[in-house]
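Beneath this line is the structure, given in structure tokens, with notes to follow.
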Amino acid sequence: EVILEVKGLNKVYKSAQGETTALSNVSFKTHRREFVCVIGPSGCGKSTLIRILAGLESYSGGQVLLDGKPVTGPGRDRGMVFQGYTLFPWLTVRKNVMFGLEMNGMSSEEARREADLWLELVGLERFASAYPHQLSGGMKQRVAIARALVNQPRILLMDEPFGALDAQTRCKMQAHLLDIWRNVDVTILFITHDLDEAILLADRILVLKANPGEVQELIEVPVPRP
Ligand code: ADP
Ligand code: ADP
């Protein structure tokens, strides 16, 4: 089952200094419950790609289809986790996770129950009443993952989520993410510049080549799971 289909995607940034082609004719598909990593050198367009998929950036040409429907803006069907901890500092861990549910009209009581289930899944149920500044970096990213999954998105978009963590924490988080992914019906698209991380996590790696203005080559590498 195809979840995401990107066809001939182009992105040109225009500014006073001129034009920068960030993505040139990029095409790929991701399937249900697949874990796909996108790697490539700095400047090859990884962040641009994920921002377009999130609906946070327009594109200049091509098509982005989620469940066959064109992506035209942000939506509940996509969860996002960035490198920086984008938690609300004035809200407790539980309230951070509840936020999106209440925005969608769920009652506080129901949102609280739902949030606690996801906090349990990421192993932070005991920290539900804590504030983000009381948590370690890895724990904050676990809250961010719970918050991204709480709306049960079709795809989880992760942009170098563990890039700011020390090596030991990063390693724990990689194992933890795989654990979560195995327990949740979600497709993951994970951006990293770290090949080792991609090999560890992915079913399939998309290598995005730097683009000197021509058609951008995208190489697909299947990774066997141990
Ligand atoms: P990566 O995430 O792989 O490092 P980016 O998507 O950040 O790549 O950038 C791809 C290209 O687009 C780079 O040449 C970068 O300088 C350019 N770029 C990214 N964002 C902008 C922007 N907001 N305005 C103009 N150029 C941009
Ligand atoms: P992470 O790898 O998620 O950053 P660590 O396992 O390195 O977190 O722990 C950082 C601190 O938080 C340590 O003091 C640890 O004891 C505490 N901690 C982390 N997770 C839990 C938990 N589920 N229960 C109790 N304490 C925890």
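The values are calculated or read from the model by the stated rules, or taken from the named source; none is laboratory data. Since the structure is predicted, the reported quantities are computational estimates derived from the model, not experimental observations. Every residue, glycine among them, receives a Cβ derived from its backbone with ideal geometry; neighbour counts consider all protein chains shown. Ligands, DNA and RNA are excluded from the accessible area calculation, which covers all protein heavy atoms including side chains. Shrake-Rupley method; radii C 1.70, N 1.55, O 1.52, S 1.80 Å.
Tabulated data
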read-out: Per residue accessible area of the stretch 92-226, 1.4 Å probe, in Å²; value: 49
read-out: Calculated FRET value between Asp196 and Ala16, using beta carbons and R₀ = 45 Å, to 0.05; value: 0.70
read-out: Whole-percent carbon and sulfur share, accessible surface of the stretch 96-141, 1.4 Å; value: 49
read-out: Efficiency of FRET from Cβ geometry, Glu102 and Thr72, R₀ 25 Å, rounded to 0.05; value: 0.55
read-out: Net length gained if the chain between Trp90 and Ser42 were fully extended (0.36 nm per residue, minus Cα distance); value: 13.9 nm
read-out: Other-chain or far-sequence residues with amide H under 5 Å of Phe35's (modelled H); value: Ile188, Asp203, Arg204
read-out: Accessible area of the stretch 4-80 belonging to carbon and sulfur atoms, whole % at 1.4 Å probe; value: 46
read-out: Exposure rank, largest accessible area first [Ile188, Ile199; 1.4 Å]; value: Ile199, Ile188
read-out: Equivalent ellipsoid dimensions for the stretch 1-101 as semi-axes, Å, which come from the Cα gyration tensor, largest first; value: 26, 19, 13
read-out: Simple Cβ-charge dipole of the chain, Lys/Arg +1 and Asp/Glu -1, about Cα centre, in debye nearest 20; value: 220
read-out: In sequence order, calculated HN-Hα J values of the stretch 99-112 (Karplus, 6.51, -1.76, 1.60; Hz; x Gly/Pro); value: 3, x, 5, 5, 4, 8, x, 6, 5, 4, 4, 5, 4, 5
read-out: Cleavage-rule hits (GluC sites (Glu not before Pro)) in the stretch 144-226: DSSP loop, at most 16 neighbouring Cβ within 10 angstrom; value: Glu214, Glu217
